[in-house]
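Peer 1: The structure's right below; bear with me while I get my questions together.
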């Protein structure tokens, strides 16, 4: 599955895209000024996405990758 397909599936399931998740991550304190907080670990973010949005591990990692700047 391509990276874009992961994002499309996440949008279909949650109604949210990467930018929406970035805003939510800032509210949670995982990001500041569009950048990941250095002390935040990937597992904290993926666990939040799994618990709050019922995403699978691969889909949660795709959102995490988008936080790190991946676009394709």
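The values are calculated or read from the model by the stated rules, or taken from the named source; none is laboratory data. Everything quoted here is computed from the prediction, not taken from an experiment. Note that each Cβ is placed from the backbone with ideal geometry, even for glycine, and that neighbours are counted across all protein chains shown.
Peer 1: Being closer than 20 Å to residue 9 by Cβ and either touching a strand residue (DSSP E or B) at 6+ places or on another chain (Cβ under 9 Å) or surrounded by fewer than 19 Cβ atoms within 10 Å (Cβ to Cβ) (or both) is the requirement here; does residue 44 meet it? Write out each step before concluding.
Peer 2: On the way: closer than 20 Å to residue 9 by Cβ: no; either touching a strand residue (DSSP E or B) at 6+ places or on another chain (Cβ under 9 Å) or surrounded by fewer than 19 Cβ atoms within 10 Å (Cβ to Cβ) (or both): yes.
Here the answer is no, as residue 44 does not meet what is asked.
Peer 1: Something else: Just for region 58-72: of the residues that are exposed (fewer than 11 other Cβ atoms within 10 Å of the Cβ) and out of contact with any strand residue (DSSP E or B) (no Cβ under 7 Å at 6 or more places or on another chain), which one is farthest from residue 10 (Cα to Cα)? Give the steps one after another, and end with the answer.
Peer 2: So in region 58-72, the residues exposed (fewer than 11 other Cβ atoms within 10 Å of the Cβ) come out as 68-69, 71-72.
This time we only want the ones that are out of contact with any strand residue (DSSP E or B) (no Cβ under 7 Å at 6 or more places or on another chain), so: 69, 71-72.
Values: 69: 17, 71: 15, 72: 15 Å.
Filtering region 58-72 for residues that are exposed (fewer than 11 other Cβ atoms within 10 Å of the Cβ) and out of contact with any strand residue (DSSP E or B) (no Cβ under 7 Å at 6 or more places or on another chain), the one farthest from residue 10 (Cα to Cα) comes out as 69.
Peer 1: Give the number of residues within region 21-51 that are assigned to a helix (DSSP H, G or I), free of Cβ contacts under 8 Å to residues at least 24 places away in the same chain, in contact with a helix residue (DSSP H, G or I) (Cβ under 8 Å, 6 or more places away or on another chain) and within 17 Å of residue 69 (Cα to Cα).
Peer 2: 3
Peer 1: Here is a follow-up. What number of residues in region 19-35 are surrounded by 14 or more Cβ atoms within 10 Å (Cβ to Cβ) and at pLDDT below 95?
Peer 2: 0
Peer 1: Would you please name the residue that is nearest to residue 71 (Cα to Cα), looking only at residues in region 8-20 that are part of a helix (DSSP H, G or I) and in contact with a helix residue (DSSP H, G or I) (Cβ under 6 Å, 6 or more places away or on another chain)? Give the derivation first.
Peer 2: Just the residues of region 8-20 that are part of a helix (DSSP H, G or I), to begin with: 8-14, 18-20.
If we keep only those that are in contact with a helix residue (DSSP H, G or I) (Cβ under 6 Å, 6 or more places away or on another chain) as well, we get 10, 14, 18.
Values: 10: 15, 14: 19, 18: 10 Å.
By that ranking, first place goes to 18.
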